[in-house]
Amino acid sequence: MSSAMRMQGKRAIVTAGASGMGRAGCMLFAQQGATVAVVDLHAGRTAAVVAEVTAAGGRARGFVADLSTPEECRRVIAEAATWLGGIDVLWAHAGSPGPVAVEGIDVGELNAAVALNLTSALLCAGEAAPHMRQAGGGALLFTSSVAGLVGSTFSPVYSALKFGLVGFTQSLAQRFAADGIRVNAVCPGPVDTPMLPAFMGRNVDAAGQAANQARIVAAVPLGRLARPEEVAHAALWLLSDDASYVTGVALPVDGGYVAR
Ligand SMILES: NC(=O)c1ccc[n+]([C@@H]2O[C@H](COP(=O)([O-])OP(=O)(O)OC[C@H]3O[C@@H](n4cnc5c(N)ncnc54)[C@H](O)[C@@H]3O)[C@@H](O)[C@H]2O)c1
């Protein structure tokens, strides 16, 4: 263990940690010295990430939960805190594309999107904050999106929810500052994870999905998708003491998308 490790001794929770950016975060945080609670709906993939972390010499345990249910959010953060012996770091990363529609929107789909994107982040943060306060401080990170910084014709509901997380970030940063808890958001552009084709494929066939994806990549100045690890590195920085004077920020990790 070198002193250059950026999460040495940190007790970390990553939600939606079994795939994509969350998985990359679990691997990176553990490699940087954190003990990681991997929270996800998918039991098999959660176990696989725990095995990967362990094989690489890190320390992790899986916690299976459906975070679209308030009781599950509370239960799983409490269980993870018990296992970890406290919480220093939470990446509330879980989210879903939600419905494309506005006219004739299915309210059940809308409520499901609110539950996972907004309510789960709120509840997980609310459950984790007292543990961080008890530890004398900590760091919270939400996963917003470039759609949380600029509007999205394709996905107005998703955009509204991701904007909501930015408001929550700025508000909690102020509320929790006196407790030594920093609160930030990461705003990825298009990232090469299983969620991207699901996001781009709503209400269209395979050709429409490919066209949607080509359109978004064309709007990225760097001209490509992000790799999950590129977002995980931003998350590591925001959650580590390297970012000790950074709070209330919504950081685009987007290849220049919002700079256009
Ligand atoms: N992929 C992108 O292009 C992109 C861009 C911006 C923001 N995001 C955001 O990133 C997050 C998704 O991460 P990803 O792209 O790494 O996705 P991913 O598809 O690789 O992983 C999503 C994970 O979430 C888990 N999950 C789904 N529903 C859940 C639930 N109810 N409870 C607990 N876990 C659940 C899945 O099992 C899966 O492991 C979301 O918040 C999304 O809005 C993604």
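The values are calculated or read from the model by the stated rules, or taken from the named source; none is laboratory data. Given the structure is predicted, the values throughout are model-derived calculations rather than measurements. When we count neighbours, we look across all protein chains shown, and the Cβ atoms used for this are built from the backbone with ideal geometry, even at glycine. In case anyone asks, the SASA skips ligands and DNA or RNA and just uses the protein heavy atoms, side chains included. Shrake-Rupley method; radii C 1.70, N 1.55, O 1.52, S 1.80 Å.
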Can you give the helix-only mean residue ellipticity at 222 nm for the chain, where every DSSP H stretch with n ≥ 4 adds -39500 (n - 2.57) and the sum goes over all residues, rounded to the nearest 500 deg cm²/dmol? -14000 deg cm²/dmol
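For T169, what is the net charge nearby, where nearby means another residue's Cβ is under 15 Å from its Cβ and Lys, Arg count +1, Asp, Glu -1?
Result for the local shell: +3.
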Relative contact order as a percentage, region 175-242, C-alpha pairs under 8 Å and 6+ apart, gives 36 percent
Using alpha-carbon pairs under 8 Å, 6+ residues apart, how would you state the relative contact order of region 93-175 in percent? 34 percent
Given a Förster distance of 45 Å, the FRET efficiency implied by the Cβ-Cβ spacing of A177 and E52, rounded to the nearest 0.05, works out to 0.80
Any idea what log10 I(q)/I(0) is at q = 0.17 Å⁻¹ for region 135-203, Debye with uniform C-alpha scatterers and no solvent? -0.66
Taking Cα pairs closer than 8 Å and at least 6 residues apart, the relative contact order of region 18-132 in percent is 24 percent
Translational D in µm²/s for region 1-96 (Stokes-Einstein at 37 °C, 0.692 mPa s, Kirkwood Rh from C-alpha pairs): 255 µm²/s
Heavy-atom surface of the chain, accessible at 1.4 Å and reported per residue (Å²): 43 Å²
In whole percent, how big is the carbon plus sulfur part of the accessible area of the chain, probe 1.4 Å, protein atoms only? 57 percent
Plugging the Cβ-Cβ distance of Q134 and E71 into 1/(1 + (r/R0)^6) at R0 = 22 Å yields, to the nearest 0.05, a FRET efficiency of 0.45
Let me see the P(r) profile for the chain: every Cα-Cα distance counted, bins of 5 Å, each bin given as a percent of all pairs. 1, 7, 14, 19, 20, 17, 12, 7, 3, 1, 0, 0
Separation in nanometres of the label points that stand 7 Å from Cα toward Cβ, at E79 and D205: 4.4 nm
